[in-house]
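The values are calculated or read from the model by the stated rules, or taken from the named source; none is laboratory data. Just so we're clear, the structure is a prediction, and the values are computed from it rather than from any experiment. Cβ sites come from the backbone with ideal geometry, for glycine too, and all protein chains shown count toward neighbours. For the accessible areas, the whole protein counts, side chains as well, though only heavy atoms, and no ligand, DNA or RNA atoms are used. Shrake-Rupley method; radii C 1.70, N 1.55, O 1.52, S 1.80 Å.
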Amino acid sequence: IRRHGRFFGSDAEFMESVKDSSSSSSNVKKKVFKEKSKFYDRAFMLLTAGPGGNGHKSFTTDRQGNKLADGERGGSGGNIIFMASSRKEMLRFDSYHVKGNAGENGSSRSKRGKQAADTIIDVPIGTIIRNVERCPMTRTRNISEEILADLDETNSTYIAAIGGKGGFGNASFRRGFRRRPHFSTSGEPGETKEVFMELKSLADVGLVGFPNAGKSSLLRQISRARPKVGHWAFTTLQPHIGYVEANDTAMTQFTVADIPGLLEGASEGRGLGHHFLRHIERTKVLLFVLDGSGSEGRDPLDDFAILTDELQRYSKKLTKAPALVFLNKQDLSPEDFEKHSERIREFCPYDVVCGSAKDGSGDIDMMIEKLHGILKQTDPEQFPDYNYHTSSSKKSTVS
């Protein structure tokens, strides 16, 4: 029996083949879904810029009947350029090896080849690019500490690999005594380079807390971001960024980043949070989210001490950043919440705000105002103090 271009001994064999193909396709779909659910914040890429076009060898005859060389040079190869784009969220690409466009070859009648178009690779805003060197013996990767580019602004670009120059045609070698050169040169190959890309999200406020402390619920409450929320730990497996509107007349917005929860010993590789701590490394303000009810069987003051210790082990810059504490889960066990809040206010060096991220009760609006006030102090250029009342009063006095 021949069906779909294949031969089968019987109908039973054909049905078994159909079952195998359907099961394999379902496995492929599951694998693709798992790949799409991952968050890629690190990537290697091999870049090969486009080669230059070859020079052309041709001849022409002038009015006097003299034979002359008129082959022109080829065009330059295309560069490979990284561009920061707001549409790109993570470092996921279709191919590891990216090749640039080749330049056009030269032609006769002194027609020079066209320069190839550049290859632009979109990367997320906040991508850091480093050079990679391979050991010639073991072929192991060595990532250099020197930063080639830090694409921290929208539409900022970096030329990672330069295209090769075009070859010379025989007309380029024509001299007074040599009017008919019989040779031309080939185009130069493009630059080859391997780079390592690392994403560090650019957010104004970074949420720090233990698993199941309510960071994702708080982000859903104060912004339009919709991270996954559940009654189990480690529901957040990748960073999320939300836009929060400040309560001012200018309708100022600032970004808040949520990362997976930290655990004690995160600096030693325990849990997921230490892997994603680099996403809050650039934040201007830290917001500690603590379980004020003690529903997980932990003391919020001990949690705060552990979190500050893990941040100091990771980077001392994070401990020097201004911070605010939000005591969450005010709706659970009010008596225990009051006891923990008194202790936190007594020993914590930062301002403490209480509330419930689940139902939005408490001083969440006050927390947003305090975060906005800290941002205006740390970065007055990006967050200016719009005081329209004073400006109008000045105009009235002058008139």
message = Let me check something: with ligands and nucleic acids excluded, how do Y350, Y96 order by accessible area (1.4 Å probe), largest to smallest?
response = Y96, Y350
message = Order K320, K67, K165, K376 by their accessible area, 1.4 angstrom probe, all chains in place, largest first.
response = K320, K165, K67, K376
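Using 0.36 nm times the number of residues separating Y40 and F93, minus their current alpha carbon distance, what extension gain do you get?
18.1 nm
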request  = Evaluate the distance, in nm, between pseudo-label points positioned 7 Å from the Cα of D122 and of S295 along their respective Cα→Cβ axes.
outcome  = 3.9
request  = Would you calculate the separation in nanometres between label points at R63 and D309, each defined as 7 Å from the Cα along the Cα-to-beta-carbon direction?
outcome  = 9.4
ask   = Which loop trypsin sites (Lys or Arg not before Pro) in region 78-153, with loop taken from DSSP, have no more than 10 other Cβ atoms within 10 angstrom of their Cβ?
value = R87, R139
remark   = Rounded to a whole %, the carbon-and-sulfur portion of the accessible area of region 114-188 at a 1.4 Å probe is 47
inquiry  = Need one number: nm distance between label points at D379 and D302, each 7 Å from Cα along Cα→Cβ, rounded to one decimal.
reply    = 3.7
task = Arrange the peptides 278-287, 168-177 so that the one whose residues have, on average, the most other Cβ atoms within 10 Å appears first.
result = 278-287, 168-177
